[in-house]
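Each remark here refers to the structure printed beneath this line.
The values are calculated or read from the model by the stated rules, or taken from the named source; none is laboratory data. This one's a predicted model, so the numbers in the text were calculated from it and none came from an experiment. No Cβ is skipped: glycine too gets one built from the backbone with ideal geometry, and neighbour counts run over all protein chains shown.
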Amino acid sequence: MKVAILGTVGVPGCYGGFETLAENLVRQNEVRGRFQHLSVYCSGPAYDVRPPQYLGAQLHYSRWKANGLQSVLYDVSTLLHCAWRGHDVALLLGVSGAIILPVLRLVSQMRIVTNVDGIEWRREKWKGLARHFLRLSEWMAVRFSHEVVADNQGIADYLRDTYGVNPTVIAYGGDHAIATHQGQSAVSDAAPYPPGYALALCRIEPENNIDLILEAFAGSTRPLVFVGNWDSSDYGRRLRSKYAPCSNLHLLDPIYEPAELYRIRAAAGLYVHGHSAGGTNPSLVEMMHFGLPVVAFDCVYNRYTTEERATYFRSSAELREVVSSEMSKNSGGQMKHIATMKYRWDIVADQYFEMLSAEWRASGTLSLANQGEKQ
């Protein structure tokens with residue numbers, strides 16, 4: 001059985017949620033030896049060093065970038081290469097390259113499992129033709145994949161209501177955020193931030209309600225540490241310029257070093273999650289493993305992820321009222337319990353491995369049936 005993972009920047013993971021998913025599937029496969037032939041397709045421009053293998057997985061590099069306009073060419077070319085090399089099952093993460101799936105279904109027996117991610121075309125950053133293309137890509141992914149994965153029940157409900165399909169729901173793991181750092185000192189290394197600060201950590205995009213969060217904390221005395229890519233857009237630069245003078249707001253650039261990221265998470269007293277789009281957000285399930293109270297934007301995806309046990313807000317006034325009150329530590333314990341029971345990579349990998357194996361078995365059954373018809 002030859003399995004390939006496509007649609008991410010690649011491994012080692014260095015970008016976002018799909019890359020973390022790919023890396024942890026590779027790690028779990030190395031431990032368990034589930035698939036003897038596992039390949040991961042990577043974006044060559046993202047890596048200065050391009051080893052042929054990583055944790056037992058074969059790496060294939062594309063000349064195209066995995067994000068932006070080139071993502072379509074990246075996904076299409078790697079899917080074609082994947083089929084040409086005789087892979088039995090392809091796990092496609094995202095829908096950018098789904099326009100090629102009808103062709104692949106005609107010329108290849110490779111089984112295609114697609115994780116559609118969030119409802120990408122609804123994101124505010126996509127306008128005009130880009131939005132229409134993403135919606136078409138979503139339809140083609142659902143229509144021409146052999147199996148569809150949703151990372152959140154809210155996404156699954158949308159796909160069922162819109163397309164009449166029943167996706168398999170598989171969330172993300174988050175235990176990697178604490179696995180290698182447990183027992184490490186946190187509070188003493190987190191200075192100069194005041195004890196018990198609130199933490200927000202995300203990409204600086206409108207659908208993550210950055211302006212709402214900053215407005216709420218600017219009107220309170222509670223300290224907020226907000227980590228994000230402020231300089232990547234006019235939106236981020238404008239907000240940073242407006243709120244940087246607030247003495248209780250600490251607006252930090254992205255943190256990629258795992259030990260430093262662990263320290264700043266572990267020393268926090270509260271996590272604020274503003275995402276309103278997508279499904280199960282990786283940063284949320286990672287923070288749930290730290291056992292902190294969670295205050296999340298009130299949307300169906302966040303309620304499913306936290307099983308209705310977080311505190312929710314829809315306006316800056318509501319958020320300001322919440323963060324000005326005393327949060328129950330018990331709610332943090334509930335978040336950790338949910339994360340431990342649902343959002344671990346061994347659990348997530350088992351679900352993916354079983355699905356991929358089932359697709360391979362299905363392809364063998366169909367091949368035998370076709371041979372019988374020919375005879």
Within the range 19-33, is even one residue modelled with pLDDT of 95 or more, touching a Lys or Arg at 6+ places or on another chain (Cβ under 7 Å) and either closer than 28 Å to ARG361 by Cβ or not β-branched (Val, Ile, Thr) (or both)? no
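Residue-wise test of (1) out of contact with any Lys or Arg (no Cβ under 9 Å at 6 or more places or on another chain); (2) surrounded by 14 or more Cβ atoms within 10 Å (Cβ to Cβ).
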{"site": "MET287", "(1), (2)": "no, yes"}
{"site": "GLY291", "(1), (2)": "no, yes"}
{"site": "VAL294", "(1), (2)": "no, yes"}
{"site": "PHE297", "(1), (2)": "no, yes"}
{"site": "GLU308", "(1), (2)": "yes, no"}
{"site": "SER324", "(1), (2)": "no, no"}
{"site": "LYS336", "(1), (2)": "yes, yes"}
Output for the range 1-60, where each listed residue is in a strand (DSSP E or B) and aromatic (Phe, Trp, Tyr): TYR41, TYR54
Look at ARG238 and say whether it is assigned to a helix (DSSP H, G or I) and more than 20 Å from the chain's Cα centre (by Cα). yes
With the structure loaded, tell me whether TYR262 is modelled with pLDDT under 95 and part of a helix (DSSP H, G or I) or whether it fails that test. yes
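Being in contact (Cβ under 8 Å) with a residue 24 or more places away in the chain and among the charged types (D, E, K, R) narrows it down to one residue among ASP253, ASP231, ASP298; which is it?
That would be ASP253, the only listed residue that is in contact (Cβ under 8 Å) with a residue 24 or more places away in the chain and among the charged types (D, E, K, R).
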Take SER325 and decide whether it is over 20 Å from ARG265 (Cα atoms) and of a type in the set (Gly, Ala, Ser). yes
Hey, can you tell me all the residues within the range 74-110 that are touching a residue at least 60 places away in the same chain (Cβ under 8 Å), touching a helix residue (DSSP H, G or I) at 6+ places or on another chain (Cβ under 8 Å) and part of a helix (DSSP H, G or I)? ASP75, LEU79
Filter the range 106-137 down to residues that are modelled with pLDDT under 95 and basic (Lys, Arg) and give me whichever is farthest from LEU6 (Cα to Cα). LYS127
Filtering the range 111-132 for residues that are assigned to a strand (DSSP E or B) and within 18 Å of the chain's Cα centre (by Cα) leaves a count of 3
Does the range 202-213 contain any residue that is surrounded by fewer than 20 Cβ atoms within 10 Å (Cβ to Cβ), among the basic types (Lys, Arg) and part of a loop (DSSP other than H, G, I, E, B)? yes
Identify all residues within the range 3-17 that are of a type in the set (Ser, Thr, Tyr) and touching a Phe, Trp or Tyr at 6+ places or on another chain (Cβ under 9 Å); write none if there are none. THR8
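Considering ALA46, ALA57, which residue is buried (at least 19 other Cβ atoms within 10 Å of the Cβ), not polar (S, T, N, Q) and not assigned by TED's automatic domain parsing to the domain that holds GLU286? Don't jump to the end; show me each part of the working.
Working: ALA46 fails: buried (at least 19 other Cβ atoms within 10 Å of the Cβ).
Exactly one residue qualifies, and that residue is ALA57.
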